[in-house]
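Right, one structure below, let's go through it.
The values are calculated or read from the model by the stated rules, or taken from the named source; none is laboratory data. Remember, predicted model here, so these are calculated numbers, not experimental data. Cβ sites come from the backbone with ideal geometry, for glycine too, and all protein chains shown count toward neighbours.
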Amino acid sequence: MQPSRSHVLLEAVDFSFEQADVAGFDLALSGRSEVDESGPSILLLSGGSGTLMLLSYEVGIGELAAFAGTVEAANEDEWRASGGVTR
């Protein structure tokens, strides 16, 4: 699978990534800044027709991965029906 644009851009500013295992996603990458230890934990996730980036300064990769496993995909019709906005 090709790296996402987010992956490439974050690597360009000194984030490094490794494979992660997150339920419900085809590809999961966990990342941290190589130069700033106080930087955020990041998960880049791809699955089906969507992508998701989770970022936190408060919790680690394990907690982000656990949260990501609870995220449910929605198509555009479901999103609009629940009050979501698209542009």
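Quickly run through region 19-64 and pick out the residues that are modelled with pLDDT of 90 or more, part of a loop (DSSP other than H, G, I, E, B) and of a type in the set (Asp, Glu).
Within region 19-64, just GLU58 meets the criteria.
Do we have THR70 as among the hydroxyl-bearing types (Ser, Thr, Tyr) and in a loop (DSSP other than H, G, I, E, B) here?
Against the criterion (among the hydroxyl-bearing types (Ser, Thr, Tyr) and in a loop (DSSP other than H, G, I, E, B)), THR70 qualifies.
Given the condition among the polar types (S, T, N, Q) and surrounded by 12 or more Cβ atoms within 10 Å (Cβ to Cβ), answer yes or no: does some residue in region 60-78 qualify?
Taking every residue of region 60-78 in turn, none turns out to be among the polar types (S, T, N, Q) and surrounded by 12 or more Cβ atoms within 10 Å (Cβ to Cβ).
Restricting the search to region 16-50, which residues are among the aromatic types (Phe, Trp, Tyr) and touching an Asp or Glu at 6+ places or on another chain (Cβ under 9 Å)?
Answer for region 16-50, where residues must be among the aromatic types (Phe, Trp, Tyr) and touching an Asp or Glu at 6+ places or on another chain (Cβ under 9 Å): just PHE17.
What pairs come out if I take residues in region 1-23 that are more than 15 Å from THR51 (Cα to Cα) and of a type in the set (S, T, N, Q) and pair them with residues that are assigned to a loop (DSSP other than H, G, I, E, B) and modelled with pLDDT of 85 or more whose C-beta lies under 6 Å away, six or more apart or interchain?
SER16/GLU34
Within region 25-37, does at least one residue satisfy the condition of being among the acidic types (Asp, Glu), surrounded by fewer than 17 Cβ atoms within 10 Å (Cβ to Cβ), touching a strand residue (DSSP E or B) at 6+ places or on another chain (Cβ under 8 Å) and touching a residue at least 24 places away in the same chain (Cβ under 8 Å)?
yes
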